[in-house]
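Colleague: Once you've had a glance at the structure underneath, I'll fire off some questions.
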Amino acid sequence: MDLAGLRIFQAVVEEGGVTRAAERLHRVQSNVTTRVRQLEEELGVELFIREGKRMHLSPAGQVLLGYAERMLDLAEEAREAVLDPRPRGLFRLGAMESTAAVRLPEPLSEYHRRHPEVELTLKTGNPQQLATAILAGEIDAAFVAEPAPEAPFEQVVAFREELVLVAKSGHPPITEDSPVPETIIAFEQGCPHRSRLESWFAARGEMPAHTIQLSSYHAMLGCVVVGMGVALLPSSVLSTFPERKRLSLHPMPKGRDHADTLLIWRKGAGSPKIAALVEIIERRQAGAQADAA
């Protein structure tokens, strides 16, 4: 059953016959008659009881009419939703764990207040996992650390992060001239902060002997506190860690000490929901810059 056939069927019912239905739909009578017959053949039932030129709904036609009206109403609702410039419906976001925990609560809370018709969901992962999820149609957009994955994405800068090395309290300074730490604590391969730290050590011609992989920043910081190793992470994460006083912070060299977090989405797949999020991000950035000035 196609929507055009259901509209013709509905018009015949409402107008009481083919002639007036054809006039209303601006179709020839033979076309209306043919489409009704095709619908009956497809369903294998008579939809009308025919008495000369008059047509009355059969019991099967009465059943179909209820479904036809619901389907046509739903189709019209879908058309309006597609054309509606307002954000609405399900919005599937992705983010790195640090971004989700520290950066997103305020802008997503504002988004929810401004656009209550949008249902927000959030998936966490590393940038490559999130990029793959976008391309697979599993999420609509994601917050990832630069550099953006190589794929057909559009992007805007969402946040600028200061990166710091953290070690247990009292740890000797970690500099370009100090010995490489024996153990680093990091996320799995694919984490841009891990890649940045490993590339710094590789440029010095030596690498840590061990890498401990964990899936949570708070777990990483807990291991750092007891002296299991050092970690590189956004300084903003430390605001959520209650044992911060038991850590020592060590700056990264210039050029390696900052990283942008990007909001990315597939090229050609922009939507009012994404545009509304970009607007909130850019407005908050402008406000922060004005406060700094």
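Colleague: Given the condition farther than 18 Å from residue 269 by Cα, of a type in the set (Lys, Arg) and not in a strand (DSSP E or B), answer yes or no: does some residue in region 105-123 qualify?
Modeller: yes
Here's the yes/no breakdown for (1) in contact with a helix residue (DSSP H, G or I) (Cβ under 9 Å, 6 or more places away or on another chain); (2) modelled with pLDDT under 90:
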residue: 142; (1), (2): yes, no
residue: 176; (1), (2): yes, yes
residue: 190; (1), (2): yes, yes
residue: 193; (1), (2): yes, yes
residue: 206; (1), (2): no, yes
residue: 209; (1), (2): no, no
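Colleague: Restricting to region 72-104, count the residues that are in a helix (DSSP H, G or I) and of a type in the set (A, V, I, L, M, F, W, C).
Modeller: So the answer is 10.
Colleague: How many residues does region 81-91 hold that are surrounded by fewer than 19 Cβ atoms within 10 Å (Cβ to Cβ) and touching a Lys or Arg at 6+ places or on another chain (Cβ under 7 Å)?
Modeller: 1
Colleague: Right, something else. Out of the residues in region 239-275 that are assigned to a loop (DSSP other than H, G, I, E, B) and of a type in the set (Lys, Arg), state the one that is surrounded by the most Cβ atoms within 10 Å (Cβ to Cβ).
Modeller: 256
Colleague: Going through region 17-31 one residue at a time, which ones are farther than 13 Å from residue 53 by Cα and assigned to a helix (DSSP H, G or I)?
Modeller: Residues of region 17-31 that are farther than 13 Å from residue 53 by Cα, as a first pass: 22-28, 30-31.
Within region 17-31, 22, 23, 24, 25, 30, 31 qualify.
Colleague: With the requirement that a residue be closer than 14 Å to residue 162 by Cα, crowded, with 17+ Cβ neighbours inside 10 Å and touching an Asp or Glu at 6+ places or on another chain (Cβ under 6 Å), what does region 225-238 give you?
Modeller: If the condition is that a residue be closer than 14 Å to residue 162 by Cα, crowded, with 17+ Cβ neighbours inside 10 Å and touching an Asp or Glu at 6+ places or on another chain (Cβ under 6 Å), then 234 is the only one that fits.
Colleague: When the residues of region 104-126 are narrowed to those that are polar (S, T, N, Q) and touching a residue at least 24 places away in the same chain (Cβ under 8 Å), which ends up surrounded by the fewest Cβ atoms within 10 Å (Cβ to Cβ)?
Modeller: The qualifying residue surrounded by the fewest Cβ atoms within 10 Å (Cβ to Cβ) is 121.
Colleague: List every residue pair whose Cβ atoms lie under 8 Å apart, where the two residues are 6 or more positions apart in sequence or sit on different chains, the first residue falls within region 246-257 and is assigned by TED's automatic domain parsing to the domain that holds residue 218, and the second residue, located anywhere, is among the small types (Gly, Ala, Ser) and crowded, with 16+ Cβ neighbours inside 10 Å.
Modeller: From region 246-257, the pairs are 247/167; 248/167; 250/167.
Colleague: Considering region 174-214 alone, what residues qualify as being at positive phi and either within 29 Å of the chain's Cα centre (by Cα) or assigned by TED's automatic domain parsing to the domain that holds residue 130 (or both)?
Modeller: 190
Colleague: Identify, from the list 248, 239, the residue that is of a type in the set (Ser, Thr, Tyr) and in contact with a helix residue (DSSP H, G or I) (Cβ under 8 Å, 6 or more places away or on another chain).
Modeller: Unique residue meeting the criteria: 239.
Colleague: Do we find that residue 228 is touching a residue at least 40 places away in the same chain (Cβ under 8 Å) and not in a strand (DSSP E or B) in this structure?
Modeller: Working: touching a residue at least 40 places away in the same chain (Cβ under 8 Å): yes; not in a strand (DSSP E or B): yes.
In short, yes.
Colleague: Inside region 147-198, can you point out the residues that are of a type in the set (S, T, N, Q), in contact (Cβ under 8 Å) with a residue 12 or more places away in the chain and not in a loop (DSSP other than H, G, I, E, B)?
Modeller: 155, 183
Colleague: State whether one or more residues within region 63-71 are within 30 Å of residue 1 (Cα to Cα), assigned to a loop (DSSP other than H, G, I, E, B) and not small (Gly, Ala, Ser).
Modeller: Looking through region 63-71, none of the residues is within 30 Å of residue 1 (Cα to Cα), assigned to a loop (DSSP other than H, G, I, E, B) and not small (Gly, Ala, Ser).
Colleague: If only one of 278, 230 is within 19 Å of the chain's Cα centre (by Cα) and of a type in the set (A, V, I, L, M, F, W, C), which one is it?
Modeller: Going through 278, 230 in turn, the sole match is 278.
The values are calculated or read from the model by the stated rules, or taken from the named source; none is laboratory data. Since the model is a prediction, treat every value here as computed from it, not as a measurement. Note: ideal-geometry Cβ built from the backbone for every residue, glycine included; neighbour counts use all protein chains shown.
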